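The values are calculated or read from the model by the stated rules, or taken from the named source; none is laboratory data. Worth saying up front: this structure is predicted, and the values here are computed from it rather than measured. Positions of Cβ are generated from backbone atoms using ideal geometry, with glycine treated the same way; all protein chains shown enter the neighbour counts. Protein only, heavy atoms only, side chains kept; ligands, DNA and RNA dropped before computing areas. Shrake-Rupley method; radii C 1.70, N 1.55, O 1.52, S 1.80 Å.
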Amino acid sequence: MSIMQNISESLQKGKAKDVKELVQQAVDEGVDAKNILDEGLLAGMSIIGDKFKKNEIYVPDVLIAARAMNAGTEILKPLLMESGVEAKGKVVIGTVKGDLHDIGKNLVKMMMEGKGLEVIDLGIDVPAEKFISEAKSNSAQIICCSALLTTTMGEMKNVVETASKEGIRDTVKIMVGGAPVNDNFCQSIGADAYEPDAASAADTALSICTQ
Ligand code: B1M
């Protein structure tokens, strides 16, 4: 079995310690960090997602897989980030109200930091008002909203509307993302940008902040 398959299988079994060791081993063998993320960790998490959907596994299984995923990404974090870069802009990020998924949001944060942006992480279950007040007090150029549930993605519209009510809609851009979100949805709620993955989100954020 290849090391990538090993990482994927250990993640699916929720073996955080093994995932950590295998990721470190892959790094030591010179495997590119992005490949380890895509072909090892995210490949495993994708299988977990399919099994969860088919009711073959349940919430606790997903949680321990998520913990193993985090153990792996912790090792990759410094490698996915460029070192020694000055802050090129300021971003506020969070998972919207009612939504507790944070793995994707954390990856977006990591990639944005890797581009030299300062990222203020509001965590999960973040109400619209909190996104706005934090963007205001930190003079952020972008509010980044993540949602993983079809039942919570509508909260992004509240963020856009609250930004307008609070008078910051012209000064702050709003970027949205997460598995159920797409460009049509982004446009329908009047947000400024949608990106499908963490790397593209970081590229777009950098270009907004430096334009
Ligand atoms: Co949840 N869950 N979950 N879950 N969970 C999904 C999302 C689901 C698709 C599973 C399924 O049915 N196949 C389903 C949603 C269905 C729907 O709404 N249509 C679902 C459900 C139903 C639920 C619960 C309701 C289950 C229950 O309790 N019965 C519950 C809801 C809790 C809540 O939030 N209120 C729930 C709970 C959980 C756990 C807590 C167990 C756990 C989360 C742990 C954690 O995050 N710390 C969990 C997990 C892990 C998943 C799956 C398996 C994996 C999600 C994930 O982390 N993917 C997921 C199934 C799946 O996605 N295949 C599922 C990896 C991650 C890297 O991808 O977050 O999409 P993602 O991020 C990507 C892009 O979307 C993008 O970049 C990332 C990578 O490049 N991106 C952005 C994300 N945010 C962005 C922001 C941007 C730009 C890009 O700009 C701002």
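Across segment 189-201, which residue is modelled with the lowest pLDDT among those that are part of a loop (DSSP other than H, G, I, E, B) and over 23 Å from Ser164 (Cβ atoms)? Selected residue: Asp197.
If we scan segment 44-54, do we find a residue that is open to solvent by 20 Å² or more (accessible area, probe 1.4 Å), of a type in the set (Gly, Ala, Ser) and within 9 Å of the ligand (Cβ to nearest atom)? Yes, segment 44-54 contains a residue that is open to solvent by 20 Å² or more (accessible area, probe 1.4 Å), of a type in the set (Gly, Ala, Ser) and within 9 Å of the ligand (Cβ to nearest atom). Only one of the numbered conditions (1) over 14 Å from the mean Cα position of the chain (by Cα); (2) crowded, with 20+ Cβ neighbours inside 10 Å is violated by Met111, and that is (1).
Summed over segment 144-188, residues that are hydroxyl-bearing (Ser, Thr, Tyr), near the ligand (Cβ under 7 Å from one of its atoms) and not in a loop (DSSP other than H, G, I, E, B) total 1. If you go through segment 124-143 and keep only what is β-branched (Val, Ile, Thr) and within 14 Å of the ligand (Cβ to nearest atom), you end up with Ile124, Val126, Ile142, Ile143. Residue pairs whose Cβ atoms lie under 6 Å apart, sitting 6 or more positions apart in sequence or on different chains, and linking a residue in segment 190-211 that is more than 22 Å from Leu79 (Cβ to Cβ) and without any contact (Cβ under 8 Å) to a residue 24 or more places away in the chain to a partner that is acidic (Asp, Glu) and more than 9 Å from the ligand (Cβ to nearest atom), are Tyr194/Asp183. Checked against (1) loosely packed, with under 15 Cβ neighbours inside 10 Å; (2) in a helix (DSSP H, G or I), Thr204 passes all but condition (1).
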